[in-house]
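Colleague: Below is one structure. I have some questions about it.
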Amino acid sequence: MIVNPACMPVLRRGVRRRFDATRGQNVLLCPERVIMLDDIADAITQLCDGRNSVAEISRILAVRFAADAAVVEADVLGFVQELVDKGLVAT
Amino acid sequence: MTPPAPPLAMIAELTHRCPLQCPYCSNPLALVKAAGERDTAFWTALITEAAQLGILQVHFTGGEPVLRPDLAALIAHATALGVYANLITSAVLLDETKLRSLEQAGLAHVQISIQGADAAAADSIGHYPDGHEKKLAAARMVTALGMSLTINAVVHRQNLAQLPAMIELAATLGADRLEIAHVQYHGWAQHNRAALMPGEAQLREADAVVAQAQAQLRGKMLIDYVIPDYYADTPKTCMGGWGQKLLLVTPEGRVLPCHAAETIPGLTFEHAGERPLRDIWQSGPGFAAFRGTAWMRDPCASCALKGVDFGGCRCQALALAGDARETDPACQYAPGHARMRALAEAEAANAAEAFEYRRYAPPQR
């Protein structure tokens, strides 16, 4: 499965996001795995709700972080692909 | 000295009791009896302490954790603290009522082991009648209830021919994840090693089957593959490094860095409840013994990878090189590396098939 801008990513069952007070950051708790989320990864993860396409997520974040849309979309594609390959996101 | 980073997860071995008798069980040969187990108050207090220390996940295992009547209560307690509850089970005791109660308690993920692809083969390894069919029924209920499912296929010489069928079975069951784990030779597995060790040709065939399935199922079912150390060139980063990421608590409440740590002579491990868990983790002598890289000798001490694999597995170094301070012989730079490979090849060729099944009575040989 190769992620493209039209994909509608959604966190798979068994994947839960929470704030970790010990480490002062949001984390993704997954079957037998923990993913530490930096601000960008956390923002992308929050928008992986099955209602936004990768293109839409990228547009929203480009506005929020006042960044170049093409650069943001490349980042989102890369991170969502990583989550798909780790079995944490379905599209 | 800065204290070590807090652990990410706790492996809670609630009991050593288990209806199955798999000859490769990672539990020690001397199993803890029911009377030696800790009570609900002990485990709830420990989970609270672990959450305060920074643990994010608790892996309930055993033995068979479903034998504990307080399992749902412990899952609910962990979940209420924001700790991710994972159940590692044989699944033969899970009916719908039980599973529903665990799901309602907050259980996020269930890992079910399979011993083969069909009942005859699988049940001859687990040594429990109708176990395989019960596992399949439970696996279907797990996904029907909306929980995440991992199938854990433990592979060795006597079932590797069924690997393609086991992958197909996991996909048919709708597993989110399949862990294909070659037996790791500790505990009962080390005792039964000669009956389990694959040959190299068989292993390479399995590698190819797994690689093809991973490519085919990418994005649908994640396949994690654990290779056997005996045919590796680099050691595994055992437990993510000794005392770096994980701690394990035995049915008696002893806090360990790994499953087999108690096989290492001269180490002292403490019981939870006797001292704060934070202190045991940060300064317990058993944890300090092999944490980091200061304990190392050459070739580890001068190796560029020493902070990556931390010298591999201490228990394997003890078992095969005779000293827990040696480099894990799975490493190509270890003096015992060639001997380890030769041992595996000799045992694989020998073709002994009889197992000594996991039982409370200690092995006779």
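Colleague: Kindly check whether there is at least one residue in region B:124-137 that is modelled with pLDDT of 95 or more and touching a Leu at 6+ places or on another chain (Cβ under 6 Å).
Modeller: no
Colleague: Right, next: Being of a type in the set (Asp, Glu) and assigned to a loop (DSSP other than H, G, I, E, B) is the filter; apply it to region A:31-84 and report the residue that is least open to solvent (accessible area, probe 1.4 Å).
Modeller: Let us first name the residues in region A:31-84 that are of a type in the set (Asp, Glu), namely A:32, A:38-39, A:42, A:49, A:56, A:68, A:73, A:75, A:82.
Add one more test, that the residue is assigned to a loop (DSSP other than H, G, I, E, B), and what stays is A:32, A:38, A:68.
Values: A:Glu32: 57, A:Asp38: 93, A:Asp68: 91 Å².
Looking at the filtered set, the residue picked out is A:Glu32.
Colleague: Moving to a separate point now. If only one of A:Leu29, A:Leu11 is under 19 Å from B:Gly82 (Cβ atoms), modelled with pLDDT of 95 or more and in contact with a Cys (Cβ under 6 Å, 6 or more places away or on another chain), which one is it?
Modeller: On the way: A:Leu29 fails: in contact with a Cys (Cβ under 6 Å, 6 or more places away or on another chain).
Within the list A:Leu29, A:Leu11, the selection yields A:Leu11.
Colleague: Same structure, new question: Go through B:Ala122, B:Ala138 for me and flag whichever is away from chain A (no Cβ under 14 Å), buried (at least 20 other Cβ atoms within 10 Å of the Cβ) and either within 15 Å of B:His109 (Cα to Cα) or of a type in the set (Phe, Trp, Tyr) (or both).
Modeller: On the way: B:Ala122 fails: either within 15 Å of B:His109 (Cα to Cα) or of a type in the set (Phe, Trp, Tyr) (or both).
B:Ala138 is the lone residue from the list that is away from chain A (no Cβ under 14 Å), buried (at least 20 other Cβ atoms within 10 Å of the Cβ) and either within 15 Å of B:His109 (Cα to Cα) or of a type in the set (Phe, Trp, Tyr) (or both).
Colleague: So how many residues does region B:142-167 have that are away from chain A (no Cβ under 14 Å), hydrophobic (A, V, I, L, M, F, W, C) and either farther than 18 Å from B:Lys220 by Cβ or out of contact with any Gly (no Cβ under 8 Å at 6 or more places or on another chain) (or both)? Outline the logic, then answer.
Modeller: Initial filter on region B:142-167 (away from chain A (no Cβ under 14 Å)): B:153-167.
From what is left, the residues that are hydrophobic (A, V, I, L, M, F, W, C) are B:153-155, B:160-161, B:163, B:165-167.
This time we only want the ones that are either farther than 18 Å from B:Lys220 by Cβ or out of contact with any Gly (no Cβ under 8 Å at 6 or more places or on another chain) (or both), so: B:153-155, B:160-161, B:163, B:165, B:167.
Residues that pass the stated criteria total 8.
Colleague: If I filter region A:21-40 down to residues being more than 7 Å from every other protein chain (Cβ to nearest Cβ) and β-branched (Val, Ile, Thr), which single residue comes out as nearest to B:Ala108 (Cα to Cα)?
Modeller: Only one residue tops the list, namely A:Ile35.
Colleague: Determine whether B:Tyr360 is in contact (Cβ under 8 Å) with a residue 24 or more places away in the chain, surrounded by fewer than 20 Cβ atoms within 10 Å (Cβ to Cβ), farther than 19 Å from B:Thr234 by Cα and of a type in the set (Phe, Trp, Tyr). If you could, list the steps in order and put the result at the bottom.
Modeller: On the way: in contact (Cβ under 8 Å) with a residue 24 or more places away in the chain: yes; surrounded by fewer than 20 Cβ atoms within 10 Å (Cβ to Cβ): yes; farther than 19 Å from B:Thr234 by Cα: yes; of a type in the set (Phe, Trp, Tyr): yes.
Judged against the criteria, B:Tyr360 is a match.
Colleague: Here is a list of conditions, (1) open to solvent by less than 30 Å² (accessible area, probe 1.4 Å); (2) in contact with a strand residue (DSSP E or B) (Cβ under 8 Å, 6 or more places away or on another chain), and B:Asn192 meets all of them except one; can you say which number that is?
Modeller: (2) is the only condition that B:Asn192 fails.
Conditions tested, residue by residue: (1) free of Cβ contacts under 8 Å to residues at least 12 places away in the same chain; (2) in contact with a His (Cβ under 7 Å, 6 or more places away or on another chain).
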residue	(1), (2)
B:Trp242	no, no
B:Ala260	no, yes
B:His271	no, no
B:Arg275	yes, no
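Colleague: If I filter region B:203-216 for residues that are outside any helix (DSSP H, G or I), under 29 Å from B:Thr143 (Cβ atoms) and among the β-branched types (Val, Ile, Thr), do I get at least one hit? Spell out the reasoning first.
Modeller: Step one: filter region B:203-216 for residues outside any helix (DSSP H, G or I), giving none.
Taking every residue of region B:203-216 in turn, none turns out to be outside any helix (DSSP H, G or I), under 29 Å from B:Thr143 (Cβ atoms) and among the β-branched types (Val, Ile, Thr).
Colleague: Scan region A:41-91 for residues that are acidic (Asp, Glu) and within 14 Å of another protein chain (Cβ to nearest Cβ) and jot them down.
Modeller: If the condition is that a residue be acidic (Asp, Glu) and within 14 Å of another protein chain (Cβ to nearest Cβ), then A:Glu82, A:Asp85 are the ones that fit.
Colleague: Answer with yes or no whether B:Glu205 is open to solvent by 30 Å² or more (accessible area, probe 1.4 Å), more than 30 Å from A:Pro9 (Cβ to Cβ), of a type outside the set (Lys, Arg) and modelled with pLDDT of 95 or more.
Modeller: Numbers: open to solvent by 30 Å² or more (accessible area, probe 1.4 Å): yes; more than 30 Å from A:Pro9 (Cβ to Cβ): yes; of a type outside the set (Lys, Arg): yes; modelled with pLDDT of 95 or more: yes.
In short, yes.
Colleague: Among B:Ala206, B:Ala165, which is the only one that is under 27 Å from B:Thr327 (Cβ atoms) and over 20 Å from the mean Cα position of the chain (by Cα)? I'd like the intermediate steps shown before the answer.
Modeller: Numbers: B:Ala165 fails: under 27 Å from B:Thr327 (Cβ atoms).
Just one listed residue meets the conditions, B:Ala206.
Colleague: Still on this structure, I have one more. Restricted to region B:340-365, and to residues that are in contact with a helix residue (DSSP H, G or I) (Cβ under 8 Å, 6 or more places away or on another chain) and of a type in the set (Lys, Arg), which residue is farthest from B:Trp188 (Cα to Cα)?
Modeller: As a first pass, look at region B:340-365 and keep what is in contact with a helix residue (DSSP H, G or I) (Cβ under 8 Å, 6 or more places away or on another chain): B:340-341, B:343-345, B:347-348, B:350, B:352-356, B:358, B:363.
Subset that is of a type in the set (Lys, Arg): B:341, B:358.
On the way: B:Arg341: 20, B:Arg358: 7 Å.
Within region B:340-365, the match that is farthest from B:Trp188 (Cα to Cα) is B:Arg341.
Colleague: Sort out which residues of region B:63-88 are among the small types (Gly, Ala, Ser) and open to solvent by 10 Å² or more (accessible area, probe 1.4 Å), and write them in order of number.
Modeller: Looking only at region B:63-88, we keep the residues that are among the small types (Gly, Ala, Ser), and these are B:63, B:72-73, B:76, B:78, B:80, B:82, B:85.
Hits for region B:63-88 are B:Gly63, B:Ala72, B:Ala73, B:Ala76, B:Ala80, B:Gly82.
Colleague: Report, by residue number, each residue of region B:89-105 that is crowded, with 23+ Cβ neighbours inside 10 Å and either closer than 14 Å to B:Ala12 by Cα or among the acidic types (Asp, Glu) (or both).
Modeller: B:Thr89
Colleague: Residues of region A:3-20 being assigned to a loop (DSSP other than H, G, I, E, B) and either among the polar types (S, T, N, Q) or more than 8 Å from chain B (Cβ to nearest Cβ) (or both), which ones? Lay out the reasoning, then the answer.
Modeller: Narrowing region A:3-20 to residues assigned to a loop (DSSP other than H, G, I, E, B): A:3-9, A:12-15.
A:Val3, A:Asn4, A:Pro5, A:Ala6, A:Cys7, A:Met8, A:Pro9, listed by residue number.
Colleague: Taking into account only those residues within region B:168-186 that are on the phi < 0 side of the Ramachandran plot and assigned to a loop (DSSP other than H, G, I, E, B), which is nearest to the other protein chains (Cβ to nearest Cβ)? First the steps, then the outcome.
Modeller: As a first pass, look at region B:168-186 and keep what is on the phi < 0 side of the Ramachandran plot: B:168-173, B:175-186.
Then drop every residue that is not assigned to a loop (DSSP other than H, G, I, E, B), which leaves B:173, B:175-176, B:183-186.
Values: B:Leu173: 14, B:Ala175: 10, B:Asp176: 6, B:Val183: 18, B:Gln184: 15, B:Tyr185: 21, B:His186: 19 Å.
Taking the candidates together, the pick is B:Asp176.
Colleague: Within region B:145-166, can you find the residues that are under 15 Å from B:Ala121 (Cβ atoms), free of Cβ contacts under 8 Å to residues at least 60 places away in the same chain and touching a strand residue (DSSP E or B) at 6+ places or on another chain (Cβ under 8 Å)? If you could, list the steps in order and put the result at the bottom.
Modeller: Of all residues in region B:145-166, those under 15 Å from B:Ala121 (Cβ atoms) come to B:153-166.
Cutting the leftovers down to free of Cβ contacts under 8 Å to residues at least 60 places away in the same chain gives us B:153, B:155, B:159-166.
Those that are under 15 Å from B:Ala121 (Cβ atoms), free of Cβ contacts under 8 Å to residues at least 60 places away in the same chain and touching a strand residue (DSSP E or B) at 6+ places or on another chain (Cβ under 8 Å): B:Ala153, B:Val155, B:Leu163, B:Met166.
The values are calculated or read from the model by the stated rules, or taken from the named source; none is laboratory data. Keep in mind the model is a prediction, meaning the values are calculated, not measured. Cβ coordinates were reconstructed from backbone atoms using ideal geometry, including for glycine residues, and neighbour counts include every protein chain displayed. The accessibility values were calculated without ligands, DNA or RNA, using every heavy atom of the protein model including side chains. Shrake-Rupley method; radii C 1.70, N 1.55, O 1.52, S 1.80 Å.
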